[in-house]
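Right, one structure below, let's go through it.
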Amino acid sequence: VTRKSLTPGRPTEKILELPIRPGFKAGTRITFSGEGDEYAVPPPGAPPCAQDIVFIIREAKHERFHREGSDLHYRIKISLSDALCGFTHDIKMLDEQERVKRLNMRTPVSNVTTKVLAGEGMPKSKEPGKKGDLIISFEVAFPTRELTDTQKAAVRSALPMG
């Protein structure tokens, strides 16, 4: 940072290292007391008054995950046939090391189905070693055009009412 200094020998530039811990949430404040501009000429023998420097953590949007507290939300788009018959989906995790979590769904899912993977979310900054959950939801793609009579008959015979 560049700062105004009234004290002889106090550098006008200083490098500050931010102690960002895993799991910090948006809005977390990191304060460096007395490291800002000096703004008053002190009485003889007293040090000048210096302002604090405050950094506020912001979260960047992520293309695959949405954060809520320590939980991560992930949405999978799947076909209707995969929703009914089951599927496998690999989720590339956010850890420092390359890690993939394989999801094997064998039972039918819908647009209201969620799957929770405990402990696979964001680190909890106030509870070292603990993580939130990964909450997976599904977006099922339904046909956008009318099915033929043959297709309708095939679906009805494969999925008897009951």
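No lab work stands behind these numbers, since they all come straight from the coordinates. Just so it is clear, the model here is predicted, and its values are computed rather than measured. Reconstructed Cβ throughout: ideal geometry from the backbone, glycine too, with neighbour counts over all protein chains shown.
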* **Mean projection area, nm², convex hull over Cα of the stretch 32-162** => 14.6
* Structure fact -> Note on the stretch 1-55: alpha-carbon gyration tensor, axes a ≥ b ≥ c; rule is a/c under 1.5 for rounded, else prolate if a/b larger than b/c, else oblate; result prolate
* To do: Taking 7 Å along the Cα-to-C-beta vector as the label spot, tell me the Val112-Ala60 distance in nanometres, rounded to one decimal.
  => 3.8
* Structure fact -> Residue separation between Asp90 and Thr31 times 0.36 nm, minus their alpha-carbon distance, gives in nm 17.2 nm
* To do: Pull up the cross-link candidates among the lysines for Lys61, meaning alpha carbon to alpha carbon under 29 Å and not fewer than 8 places away within one chain.
  => Lys25, Lys77, Lys92, Lys101, Lys115, Lys124, Lys126, Lys130, Lys131
* Would you calculate a helix-derived [θ] at 222 nm for the chain, using -39,500 (n - 2.57) for each DSSP H run of n ≥ 4 and dividing by the full residue count, to the nearest 500? => -2500 deg cm²/dmol
* Structure fact -> Per DSSP, the loop-located GluC sites (Glu not before Pro) within the stretch 90-124 having at most 12 other beta carbons within 10 Å are Glu96, Glu98
